[in-house]
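The values are calculated or read from the model by the stated rules, or taken from the named source; none is laboratory data. Bear in mind that the values here come from a model prediction, so they are computed numbers and not experimental data. When we count neighbours, we look across all protein chains shown, and the Cβ atoms used for this are built from the backbone with ideal geometry, even at glycine. Surface areas here come from the heavy atoms of the whole protein model, side chains and all, with no ligands, DNA or RNA. Shrake-Rupley method; radii C 1.70, N 1.55, O 1.52, S 1.80 Å.
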Amino acid sequence: MARLAQLESPDFRGGVGAKARLALVEALLAEQEARPCALFVLRWLVRHAGIERGFCAVIDAERLVGLTGIDIPMAALDAFSLGLDDRTHPLVIALAGSEPVAFPNSGHSSGQELLRPFETPLGTDSFHAVPLSRTAEHGDFGPGLLLLSAQGDGPLSEDVRWAAEILGVRLVSLWYRRAQLDERRHKRERSWLFGVINAVTDPILLTDLDGRILMANAVAEMLLTADDQKSEGRRRAVALNNLLFSAALFNKDGLEPSRRELLLVDPTDGQDLLFEVISTPVRIRLGEAGVALILRNVTDLRRASEEIEENYRKLRAAEVEARADAMEKVQLYEQVTRHSEELREKVRLATAELAGQNELLRRQAFELEQASAAKSQFLANVSHELRTPLNAIIGYTHLMLEGVAGEMNASQHEKLNRVDSNARHLLAIINDLLDIARIESGKLPVQLERVALPDLVDEVMTEVEPLIDGTSLTVSRVIAPAVPELRTDRQKVKQIILNLLSNALKFTPQGSVSIVLDYDPGEEEASVAVTDTGIGISEENQKTIFEAFGQADSSYAKRHGGTGLGLSICCRLAAILGGRITVVSKLGEGSTFTLALPRRARK
Amino acid sequence: MSQEEETAADLAPLVLIVDDVDHGREICSEYLAFRGFRVATAADGQEALDKAFELLPDVILMDLSLPKIDGWEATRRLKQDARTKAIPVVALTAHALASAHDKAMEAGCDSVVTKPCLPRDLEAEVRRQLAGRAR
């Protein structure tokens, strides 16, 4: 403000009125941008100071560049750019000075051509380079230059210098404000940036190429810096970390982007921390490089990764074990398969052998059946062939005995009776043999019916009465009260009882014969016991009496007309009915034959 | 033999004895004749049929194992013929098996007598059959 007051003061030289100058100042103050300000000044100079054409160049980032111009091609203006490094350049020299410098027409006289070894948007016209006013804050140079081409060759008016002065002041003022605004914005942005960087939990650092830390976020500072107020242990940890940090990172080429691992110590608790370091070269300032470092905490990651590796190793081990196990199983399976195959083969052979034996057995059974049938047929035939001549013997004997062929004397009659008796004995034997054959061939039909045993016993007793009549024997019968009806073959049971009773009577010269009928409800078995006081049977003979022709004393049997087959047949018949015959006997004292019969015979 | 002499004897029952064995025929015929029966004989099944149709006997004693036509077949034919079906046929066999007995009854025999048998028993059976027929 002090300068403006000074500008507005009436103490001015030159031909332009104070009013025109005031108008320019007001216009400049009203404008906030550099380019319009420069354009106002140029137009003002064209109007009030005899300037034909010209342009304003300003310093921007170490270079002098075109800002705006009057009657200057836009392309030429944009193309204008002059580095300030070349301090020998006439325009740089003009910029550094405080007085306008005249550059005469380069095409008019050959002697002055050397003065113009550069191009400007003004072409070959002669021009004046007028530095804008310098301020203390702006270092070696003012804010820029006015390059003006005037109507005549005379010196520039005082108005030109004045206008350049206030334009310079105004531009510096604008730049200063802009710089302030920029600074504020930068500060704000820096604080944001730091907020973000500090919010990152990984340490972030910027160092120069020697490893000196230029910037660090909060986590990095915690690890790598410690003031005197911190504890001794913490300072040591930080010192160690710095050592590790420098050693790990800066004995290599820090300019190359790289990843590496870095082990640091947590100063707060002394735990090991493993970091993966990502370093990237960055430009710090013009011509100077640095390194940006991001340390990623991979401690947990490493631990997890180690756990994963451990698990993977265990898995591998388990897999190997499982594979071995599987191999063992495969081998076992193969063994089992082989054994099973062998077993199958053995079974096959055994089955084949069995089938062969079965076939043999079947054939043998068939042959046996055939043989049995043949035997039965043979017996039937033999029986038939024996009966026919026997029929003739018995028949003719009787014809004679009956007197058909005339009367015989007593002696002839008696002898003929002997013939008859023997013929009948022969017939009895043949009949018994035939019975046995029928039983053994299973051709004896069994006819089951309801049989009341007491009635049957009475029936038999009646039939043997003629035998009793001729003797002095006492014959008794005892029948238990609760003998149920049996389901059995009446005819066969009768045949057995008759045989037993006949035998008892035949083999008992004196004494008694008793028949006892009983029933065992537990066994569901009826019993018919025939007891005599007869000749008895020795223990030795008891073993054979049930066999064919097993009579103990054949001579005795002959006397009584027995065939010697009776017990054998009875025994077989009892078996057919599911029963049995047993004997208790003592030689000379008597015998008891017992027939046991089930309540229900099975066919 | 003259007709006049035979007149009274004509009233006696006529028994046809069929047997291929000579002594079988002889024993039966001699005994039955002795006991007052009229008798005729045949040695095989065909002859038996011829005699039966010709003489129409009161009882036939039929052996079963016969040449030409066997006793079973002869019996079947007799029982199928209106003229002879009422005549009792007593099977006379040396076959002692039950199957032979059943077979004879199936063929139509009225009873079965197993050989050997006493001539006396045979006469009893003949008289039984005659009595049954009379009733």
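Descriptive notes on the structure:
- Once the Cα atoms are used to define both axes, helix A:34-48 deviates from the longest principal axis of chain A by about 20 degrees.
- Ignoring lysines fewer than eight residues from A:LYS492 along the same chain, the ones with Cα atoms less than 30 angstrom from its Cα are A:LYS375, A:LYS443, A:LYS506, A:LYS543, A:LYS558, A:LYS586, A:LYS603, B:LYS103, B:LYS115.
- Region A:335-363-region A:412-443 distance, computed between alpha-carbon centres (Å): 55 Å
- Size of the A/B contact, given as accessible area buried on both chains, probe 1.4 Å, in Å²: 1900 Å²
- Based on Cα contacts under 8 Å between residues 6+ apart, chain A shows a relative contact order of 7 percent.
- With q set to 0.09, 0.12, 0.13, 0.22 Å⁻¹, the log10 of I(q)/I(0) for chain B, from the Debye formula over equal scatterers at the Cα positions, is -0.23, -0.42, -0.49, -1.47.
- Our summary gives region A:419-535 a relative contact order of 26 percent, counting only alpha carbon pairs under 8 angstrom and 6 or more residues apart.
- Taken one residue at a time, the phi angles of region A:312-320 give Karplus couplings (6.51, -1.76, 1.60, θ = phi - 60°) of 4, 4, 4, 4, 4, 4, 4, 5, 4 Hz. Gly and Pro are set to x.
- Cα-projected label distance for A:ARG212 with B:ASP81, points at 7 Å along beta-carbon direction, nm: 16.3 nm
- Anchor B:LYS85: lysines whose Cα lies under 17 Å away (excluding residues fewer than 8 positions away in-chain): B:LYS51
- Cut-off 10 Å between beta-carbons: net charge of the residues surrounding A:GLU524, Lys and Arg +1, Asp and Glu -1: -1
- Taking 19 Å as the straight-line reach from the Cα of A:LYS329, the aspartates and glutamates in range (excluding those fewer than 8 positions away in the same chain) are A:GLU319, A:GLU321, A:GLU341.
- Accessible area in square angstrom per residue, chain A, 1.4 angstrom probe: 59 Å²
- Heavy-atom accessible surface of A:LYS230, to the nearest 10 Å², is about 80 Å², with a 1.4 Å probe and all protein chains retained.
- Other-chain or far-sequence residues with amide H under 5 Å of B:ALA40's (modelled H): B:VAL15, B:LEU16, B:ILE17
- In a fully extended conformation the segment linking A:ALA239 and A:ALA318 would gain 23.8 nm over its present Cα-Cα distance, using 0.36 nm per residue.
- Label-point gap, in nm, between A:LEU467 and A:VAL200 - each point 7 angstrom along Cα→Cβ: 13.5 nm
- Heavy-atom accessible area, 1.4 Å probe, ligands and nucleic acids excluded: residues of region B:14-38 down by at least 20 Å² from chain alone: B:HIS23, B:GLU26, B:ILE27, B:GLU30, B:TYR31, B:PHE34
- Across the alpha-carbon atoms of region A:342-484, the computed radius of gyration and Dmax are 26.9, 92 angstrom.
- Evaluating 6.51 cos²θ - 1.76 cosθ + 1.60 at θ = phi - 60° for every residue in region A:363-369, the Karplus couplings come out as 5, 5, 4, 4, 5, 4, 4 Hz, glycine and proline recorded as x.
- Summing charges over all other residues whose Cβ lies under 13 Å from the Cβ of A:TYR396, with Lys and Arg as +1 and Asp and Glu as -1, gives -4.
- Cut-off under 5 Å, modelled amide H: who pairs with A:ILE479 long-range: A:LEU517
- Accessible-area order (highest first, 1.4 angstrom probe) of the listed residues A:ASP71, A:ASP489: A:ASP71, A:ASP489
- Accessible surface for region B:73-118, divided over its residues, is 43 Å² per residue with a 1.4 Å probe.
- Measuring with a 1.4 angstrom probe and ignoring ligands and nucleic acids, B:ARG35 comes out at about 110 Å² accessible.
- With a simple spin-label model that places each label point 7 Å from the Cα along the Cα-to-Cβ direction, the separation between A:ARG87 and A:SER441 comes to 15.9 nm.
- Kirkwood Rh and Cα Rg combined as Rg over Rh, evaluated for chain A: 1.90
- For region A:488-494, Karplus couplings with θ = phi - 60° (6.51, -1.76, 1.60), whole Hz, Gly/Pro x: 7, 9, 4, 4, 6, 4, 4
- Cα centroid separation, region B:19-34 to region A:39-80 (Å): 183 Å
- Around A:LEU174: net Lys/Arg minus Asp/Glu count, Cβ-Cβ under 11 Å: +2
- Candidate residues A:TYR519, A:TYR333: accessible-area rank, largest first, probe 1.4 Å: A:TYR333, A:TYR519
- Rounded if a/c under 1.5, otherwise prolate or oblate - region A:426-507, Cα gyration tensor axes: oblate
- A straight chain from A:ARG177 to A:ARG602 at 0.36 nm per residue would run longer than the Cα-Cα distance by 139.2 nm.
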